[in-house]
Amino acid sequence: MIDWERLAKELAEAVAADVNLEAPWREAITRTPRHHFVPRFWDLDQNNNPTELVDGAHPDHRERWLTACYRNQVLITQWHGQRGRRIITSSASMPSLVAQMLQTLDVHDGNRVLEIGTGTGYNTALLCNRLGHAAVASVDIDPLLAAEAQQRLNRLGYQPVVEASDGANGLPSAAPYDRILSTCSAATVPAAWIDQLTDGGLIVAPLTYGGALAVLRKTALGEVSGHLAAEQAYFMPLHAAGEPMPNGFVPDLPQLSEIGASHEATTAIPLKLWNNPDWRLWLALHLPHGHIADLVNEHMDRTGAIVYTADRRAQVDYAAAEPGRWPVTQDRDRLWDTVEAAWQSWTRFDEPDRTRIGITARSDGQQWVWIDEPDQPVPVHRER
Ligand SMILES: C[S@@+](CC[C@H](N)C(=O)[O-])C[C@H]1O[C@@H](n2cnc3c(N)ncnc32)[C@H](O)[C@@H]1O
């Protein structure tokens, strides 16, 4: 017999040390057996590559497995091999981040909630505990994950709607929703979420690879608007069925030789800026389909930054250059122009921390970034 109640109580305490946890969510964590939703997980090596399967059914693994299930840590539950790499495709998110997002969702009794990214079903169970299962719907792109999560939920007596389909379409069969919570990140806010939200309803969703957590209220027909939360929320991307990892989200880094004649320029963007997660987020909002990688030396010190999309690349190299005139190499479409434009507005707005940033999205596909108030749009020089 597993004494999970004691462990779950300890987990709730550990989460409460990190997050100013409201009583109903503390209660939900205390009453939800996380090990039931994570029967096995993958250990990671120091490069975050999944290595060993830790299986709760294996007597030699049991103690390690159970301890990990009730630690405040993310547990990797699925990966796919792709082009020689192991790409993580599902996980039980870190409980303190889960709790923070649930609190940010600001649910009230009687609210109907849609979760995007059922994964293990743990978060769905927390929602069922808080609101009652009849108020909860959840969708995952992966049919196996959705089926397993549904069985686990059913075994605890919860019968929420769980469907295997693309969460970018919301879940029309159980709409409308007062709250939509995404546990995978979207490049931009899908129109279906806006349409399936009740007036005054709230979306809490990670956006872009920059770790933005958007808190968006439906303020008008076909429109949501709101600020980013203070938390960094890095989540795996929303991807289409049959594609374990979208080509466009973390594309293979195009080689400089592949992108054609390179355009040389210089930049005054300082090296230290690339340490700042708020700058990286700001840039990500300008390049929602792009990605940032670091150039490092043999000591793993950062020596440059690479900004890229599936077929474009620009990079700055800080090694051995005159300060303030660091060399940039880029494709002939000049992807770096977007980086410079982002840096200009970043400076003009006094290096805004993420909570000053706002997003308005419309169901006709328009989306824009603003600073402090919706009437202060940031001119975003988007990538083509
Ligand atoms: C971080 S995991 C979710 C964690 C989950 N909420 C839990 O408590 O275990 C992200 C999930 O998003 C799912 N996902 C990715 N793209 C999706 C899409 N287009 N629609 C719905 N789910 C998607 C993945 O299959 C994965 O299970």
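Exposure proxy ranking for I292, I2, based on other Cβ atoms within 10 angstrom of each Cβ and starting from the fewest, stands as I2, I292. Panel values: the chain, Kirkwood radius from alpha carbon pairs, Stokes-Einstein at 10 °C and 1.306 mPa s, translational diffusion coefficient 72 µm²/s. Distances between every pair of Cα atoms in region 256-348, grouped in 10 Å steps from 0 to the bin holding the largest one, split as 16, 53, 29, 1 percent.
Is the C-alpha gyration tensor of region 4-227 telling us rounded, prolate or oblate? Criteria: a/c under 1.5 is rounded; beyond that, a/b larger than b/c is prolate, otherwise oblate. Since a/c reaches 1.5 and a/b is larger than b/c, the shape of region 4-227 is classed as prolate.
The overall shape of region 105-193 is oblate: from the C-alpha gyration tensor, with semi-axes ordered a ≥ b ≥ c, the ratio a/c is 1.5 or greater and a/b is no larger than b/c. Using C-alpha pairs under 8 Å with a sequence gap of at least 6, the mean separation divided by the residue count of region 4-227 gives a relative contact order of 14 percent. If a spin label sat at a point 7 angstrom from the Cα of D45 along the line to its beta carbon, the backbone N atoms of region 71-115 nearer than 13 Å would be those of 85-86. Region 154-223 and region 256-293 have Cα centres separated by 30 Å.
Using the count of nearby Cβ atoms within 10 Å as a rough guide to exposure, how do M300, M1 rank from fewest to most?
Values: M300 8, M1 3.
Least to most surrounded, the residues fall as M1, M300.
Sorted on the mean count of surrounding Cβ atoms within 10 Å across their residues, most packed first, peptides 49-55, 204-210, 72-78, 141-147 read 204-210, 72-78, 141-147, 49-55.
Of the listed peptides 268-281, 333-346, 118-131, what is their order by residue-averaged count of other C-beta atoms within 10 Å, with the highest listed first?
Per-residue mean Cβ counts within 10 Å order the peptides as 118-131, 333-346, 268-281.
None of the figures in this text is laboratory data; all of them are computed from the coordinates on show. Computed from a predicted structure; not experimentally measured. Cβ atoms come from the backbone with ideal geometry, glycine included; neighbour counts cover every protein chain shown.
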